[in-house]
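Undergrad: Below are the structure tokens for one structure; questions will follow.
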């Protein structure tokens with residue numbers, strides 16, 4: 001079973017600051033997905049990255065997939081209180097046809 | 001709304017009772033997945049279906065758990081003789097094989113076993 005480790009587990013910052021969340025594995029994934037989850041709700045997809053070295057931007061969010069497709073990062077610029085939530089990375093195992101999730105990073109943006 | 005739906009959203013039961021959850025995937029999606037998420041953790045894979053066939057089950061899925069997708073559309077997850085350790089959020093996701101690897105999640109069913 002491939003494992004994904006997210007860091008940090010918890011991040012508390014002031015509105016306007018930048019933050020980066022990391023997702024690392026020793027194994028290769030065919031794609032990696034980032035989700036945000038609110039309390040009591042299911043994960044909502046933010047982005048899917050497929051190609052090694054790929055960078056995708058979604059407004060103030062920048063996602064990067066490592067060249068070797070083993071790691072990924074999520075960078076938020078000028079964070080806002082609305083960015084508060086649990087951020088989950090999930091790697092897709094093509095052979096297994098399922099997602100392996102990291103443990104999540106809980107982000108709190110204080111006004 | 002054409003997203004994944006799950007019912008009920010919340011379930012409180014006493015230890016030893018049976019519970020059943022339902023998932024309605026996005027209509028054209030042929031793959032359906034069940035995950036379990038405990039507090040403070042990421043979701044863990046339980047099982048998945050391609051159409052009506054259950055193709056893989058995790059070791060997390062004990063004999064007390066059974067999932068079905070009889071007509072290849074909605075799915076049910078039943079837990080028999082519930083235990084307090086079964087308390088968790090049960091998530092359903094779906095995707096269309098061959099249309100990318102993205103899975104779309106429902107809102108989940110939160111189970112509390114007293």
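Undergrad: Can we say residue B:55 is closer than 19 Å to residue A:33 by Cα and assigned to a strand (DSSP E or B)? First the steps, then the outcome.
TA: Details: closer than 19 Å to residue A:33 by Cα: no; assigned to a strand (DSSP E or B): yes.
It is false that residue B:55 is closer than 19 Å to residue A:33 by Cα and assigned to a strand (DSSP E or B).
Undergrad: For segment B:72-106, enumerate the residues that are modelled with pLDDT of 95 or more, farther than 24 Å from residue A:50 by Cα and assigned to a loop (DSSP other than H, G, I, E, B).
TA: Those that are modelled with pLDDT of 95 or more, farther than 24 Å from residue A:50 by Cα and assigned to a loop (DSSP other than H, G, I, E, B): B:74, B:80, B:81, B:82, B:83, B:87.
Undergrad: Can residue A:95 be described as more than 9 Å from chain B (Cβ to nearest Cβ), in contact (Cβ under 8 Å) with a residue 40 or more places away in the chain, outside any strand (DSSP E or B) and surrounded by fewer than 21 Cβ atoms within 10 Å (Cβ to Cβ)?
TA: Numbers: more than 9 Å from chain B (Cβ to nearest Cβ): yes; in contact (Cβ under 8 Å) with a residue 40 or more places away in the chain: no; outside any strand (DSSP E or B): yes; surrounded by fewer than 21 Cβ atoms within 10 Å (Cβ to Cβ): yes.
Spelling it out, it is not the case that residue A:95 is more than 9 Å from chain B (Cβ to nearest Cβ), in contact (Cβ under 8 Å) with a residue 40 or more places away in the chain, outside any strand (DSSP E or B) and surrounded by fewer than 21 Cβ atoms within 10 Å (Cβ to Cβ).
Undergrad: Let me ask something else about it. Would you pick out the residues in segment A:33-45 that are more than 9 Å from chain B (Cβ to nearest Cβ) and at pLDDT below 95? Let's see the steps before the verdict.
TA: Taking segment A:33-45 as the starting set, the residues that turn out to be more than 9 Å from chain B (Cβ to nearest Cβ) are A:34, A:36, A:38-39.
Hits for segment A:33-45 are A:38, A:39.
Undergrad: Can you confirm whether residue A:14 is in contact with a strand residue (DSSP E or B) (Cβ under 9 Å, 6 or more places away or on another chain) and within 10 Å of another protein chain (Cβ to nearest Cβ)? Don't jump to the end; show me each part of the working.
TA: Details: in contact with a strand residue (DSSP E or B) (Cβ under 9 Å, 6 or more places away or on another chain): yes; within 10 Å of another protein chain (Cβ to nearest Cβ): no.
Considered against the rule, which asks whether it is in contact with a strand residue (DSSP E or B) (Cβ under 9 Å, 6 or more places away or on another chain) and within 10 Å of another protein chain (Cβ to nearest Cβ), residue A:14 comes out as no.
Undergrad: Out of the residues in segment A:63-83 that are crowded, with 18+ Cβ neighbours inside 10 Å and either over 23 Å from residue A:31 (Cβ atoms) or touching a residue at least 60 places away in the same chain (Cβ under 8 Å) (or both), which is nearest to the other protein chains (Cβ to nearest Cβ)?
TA: That would be A:83.
Undergrad: If you take just the strands (runs of 3 or more DSSP E) that sit entirely in segment A:14-70, which of them hold at least 2 residues that are more than 12 Å from the chain's Cα centre (by Cα)? Walk me through how you get there before you give the answer.
TA: On the way: elements: A:19-24, A:31-37, A:44-49, A:55-58, A:61-65.
Output list reads A:55-58.
The values are calculated or read from the model by the stated rules, or taken from the named source; none is laboratory data. The shown structure was predicted, so the numbers you read here are calculated from the model rather than taken from an experiment. For neighbour counting, all protein chains shown are included, and Cβ atoms are generated from backbone atoms with ideal geometry for every residue, glycine included.
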